[in-house]
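The values are calculated or read from the model by the stated rules, or taken from the named source; none is laboratory data. For clarity, every value in this text was computed on a predicted model and none was experimentally measured. A quick note on method: Cβ atoms are made from the backbone with ideal geometry, for glycine too, and the neighbour counts reach across all protein chains shown.
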């Protein structure tokens, strides 16, 4: 039996190694293409020869081959500054994240339905309906599709419907207000919405946010995107950003034109916010001056992130989406480990890892 297992393992290990290499190659290629799309879309100028030389030399000194400088080009175009320490997204996604975060746990632990068990001691949006592998659940019990529809139809709150696995970038996130639908059409409307998701989605009550956060933009849930890093000394906050939606939009997504602004350790926003194309502003469309905004209860936000991260030590780098509810308490919206965005952090806060750069890069080789 032991000989059989040994032979089987020798056959499997190379296959797993090839798969891992293919995964990293694909992730690097996707990240590179994404960078190219951005610089083309926003018509950012190419780096000069000296800047290319400096960027490649810096990353070579850290043990990485920088095949392209497309992300340095993007950050220079967006911020007006060339900084060699910017972490290219292709290196982050293909080397750093897979090295620090256990790939075997992706994407199982990221199911938003599972978050209610993993993080049951923390505030989260109220769960109305879960669809897991095609089964509908309400309060932990299996219900029929018709029962799920009826439960949603009786909600007095706005509902948020989104995929429970990989809904990054605001993809297929819909806000449903039953009161705005003609009564005779409610059931059909909800059934059609469920069919559009097919399976693996979640229905939650819309979060009533803090008055301070609502003033940034009343139509969207404006959240904090916080990246944390776990080492043997504990959990460290690498970068904190507030994301503000466009007027009239229901999501705060940066990709769809939202505003991002860095958050200081005190919880006060930085003076300048950014749109993805590099446009800067000092106040929101609603007239809120960014530097005058203080995130409510920010110390408790950071404490919450620290405790949350310790629940999932399989992942050493995590991006958390945290809202502030009407009582000014932090509320977990979701967390990201597989497709973490690095650009939103680096545009507003500079090179990603700060004091932990040497440590994190050395762990990623």
Inset, instruction - State whether one or more residues within the range 294-303 are assigned to a loop (DSSP other than H, G, I, E, B) and at pLDDT below 95. - result: no
Legend entry - Index of the failed condition, residue 86 passing every other in (1) in contact with a helix residue (DSSP H, G or I) (Cβ under 7 Å, 6 or more places away or on another chain); (2) over 30 Å from residue 331 (Cα atoms); (3) part of a helix (DSSP H, G or I): (3)
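Listed here are the residues, each with its yes/no results for (1) modelled with pLDDT under 80; (2) exposed (fewer than 12 other Cβ atoms within 10 Å of the Cβ).
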position	(1), (2)
17	yes, yes
25	yes, yes
53	no, no
81	no, yes
Inset, instruction - Please state which of the following conditions residue 282 fails to meet, knowing it meets all the rest: (1) under 18 Å from residue 345 (Cα atoms); (2) touching a residue at least 40 places away in the same chain (Cβ under 8 Å); (3) surrounded by fewer than 22 Cβ atoms within 10 Å (Cβ to Cβ). - result: (2)
Inset, instruction - Return a yes/no flag: does the range 272-290 have any residue that is under 16 Å from residue 228 (Cβ atoms), modelled with pLDDT of 95 or more and in contact with a helix residue (DSSP H, G or I) (Cβ under 7 Å, 6 or more places away or on another chain). - result: no
Legend entry - Odd one out for residue 259, checked against (1) free of Cβ contacts under 8 Å to residues at least 60 places away in the same chain; (2) closer than 24 Å to residue 101 by Cα; (3) crowded, with 17+ Cβ neighbours inside 10 Å: (2)
Inset, instruction - State whether the residues of the range 223-237 include one that is at pLDDT 95 or above, in a loop (DSSP other than H, G, I, E, B), surrounded by 14 or more Cβ atoms within 10 Å (Cβ to Cβ) and in the same structural domain as residue 342 (by TED's automatic domain parsing). - result: no
Inset, instruction - Please state which one of 312, 289, 293, 301 is touching a strand residue (DSSP E or B) at 6+ places or on another chain (Cβ under 6 Å) and more than 18 Å from residue 209 (Cα to Cα). - result: 289
